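One structure is given here, and the rest of the page talks about it.
Please treat every number below as a calculation from the coordinates, not as lab data. The structure displayed is predicted, hence computed values, not measured ones. Neighbour counts are summed over all protein chains in view; Cβ atoms, including those assigned to glycine, are modelled from backbone coordinates with ideal geometry.
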Amino acid sequence: MDMTESLSPALDSVADPISGKGLIASGRAAEPRFDNGTVSVVIDVTGLSGDARSKLEASVKQALIAVPGVETVRVAMTAEKRGRKIIAIGSGKGGVGKSTLSANLAVALKRMGKKVGLVDADIYGPSQSRLLSTEGMRPTAQGQKMDPVISPFGVPMLSMAQLVRPGQAIAWRGPMAGNALGQLVDAEWGDVDLLLLDLPPGTGDVQLTMVQKFKPAGAIIVSTPQDLALIDATRAIDFFNQSQVPIIGMIENMAGYACPHCGEVSDPFGQGGAQAAAVSMQLPFLGRVPLDIGIRTASDAGRPPAAEEGDTVFAPFAQKIADWLNPAKPASF
Ligand code: ADP
């Protein structure tokens, strides 16, 4: 009998800790390989804690060793999902700085040596061409696929804004937007292995189609300290939870205002709201970015502060994302 006929169901009988589906059905494990009494499995453990990984490894070993004919089970754990990883950056509402943070995180990850690209999927206000200084650059196409444009900061990117002629406004409707966004993600990204996806604000159909189709490895939520923004942020958190996208954490933006004249820091919208919300929802709180005129003027002028030598605002977030993607636990073989 073909061993995979008994091994695959055994592997799929183990539930993915996040989605609850079988490990193969959820895409976490590929079909097991069997050779001479030894079964080998590769499991993508992206988004799982060290504890959850150990438990999963034990469950997989237990399920497979029980299959007649199996003598040894080898489990390789990897956070490298087959193919490119997508990180979605979302917010409950517009204007919280999601695009500014996405651009700066991309540049900071690039400066760390990551092969990172960026898709500006914000159909309501695509601003990445301005933020990453690629205005006027038009993507070319190879056959059916688009080639991203390369920003002066070394980050390849594609934006919804590039799909229309300059100055031409388009009211994207759901299916049309979905198709256009699909083309941006499915472009010729070359050796890019990490794609940041600057999602439209909110939790509507366009966002749902995107996460269902492209299954981000993780999501980052951007919120401001205002209560209203926080209520919206909780919707975004629910949205990613229901879509079974693990949330890497929340970033509080525009937290505290540093007066450019006297340096005094004030908190017009209160302090600690986003952090408290994150803690109460058991979400990692990744940190704060201050409301800083310098961030606004530099970003809006196409000079992301993350590109500056000695940047200490955005680099720590990039490091946290990199750590989340590459957990300390080494592969077991
Ligand atoms: P979103 O993508 O959430 O709609 P944007 O990134 O376009 O928001 O930001 C809205 C405005 O706020 C922009 O003008 C941007 O420069 C500014 N901004 C964002 N973050 C900060 C910050 N930390 N300090 C100052 N201005 C900021």
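Which of K21/K115; K110/K320; K145/K213; K55/K213; K85/K145 have a Cα-Cα distance over 21 Å? Beyond 21 Å between Cα atoms: K21/K115; K55/K213.
Note on the stretch 259-295 and the stretch 99-169: Cα centroid distance 27 Å, given to the nearest whole angstrom.
At full extension, S19 and L228 could sit 72.3 nm farther apart than now, given 0.36 nm per residue minus the alpha carbon distance. Listed by chain and number, the lysines whose C-alpha is less than 19 Å from the C-alpha of K93, apart from same-chain residues fewer than 8 away, amount to an empty set. Exposure proxy ranking for T38, T46, based on other Cβ atoms within 10 angstrom of each Cβ and starting from the fewest, stands as T38, T46. Any idea what angle helix 227-242 forms with the longest principal axis of the chain, computed on alpha-carbon atoms, 0 to 90 degrees, nearest 10? Around 20 degrees separate the two axes. Applying both filters, DSSP loop and at most 14 other Cβ atoms within 10 Å, to the GluC sites (Glu not before Pro) of the stretch 49-99 gives E71. The listed peptides 190-199, 21-30, ordered by packing as a protection proxy, come out as 190-199, 21-30 (highest mean of other Cβ atoms within 10 Å first).
The alpha-carbon of K98 sits under 14 angstrom from the alpha-carbons of these aspartates and glutamates, leaving out residues fewer than 8 places away in its chain: D120, D122, D198, D232, E252, D300.
Using only the alpha carbons of the stretch 92-171, what is the convex hull's orientation-averaged projected area in square nanometres?
Details: hull surface 24.1 nm².
With every direction weighted equally, the projected area is 6.0 nm².
Residue order for S129, S54, fewest other beta carbons within 10 angstrom first, comes to S54, S129. Listed by Cβ neighbour count within 10 Å, with the fewest neighbours leading, K98, K61 appear as K61, K98.
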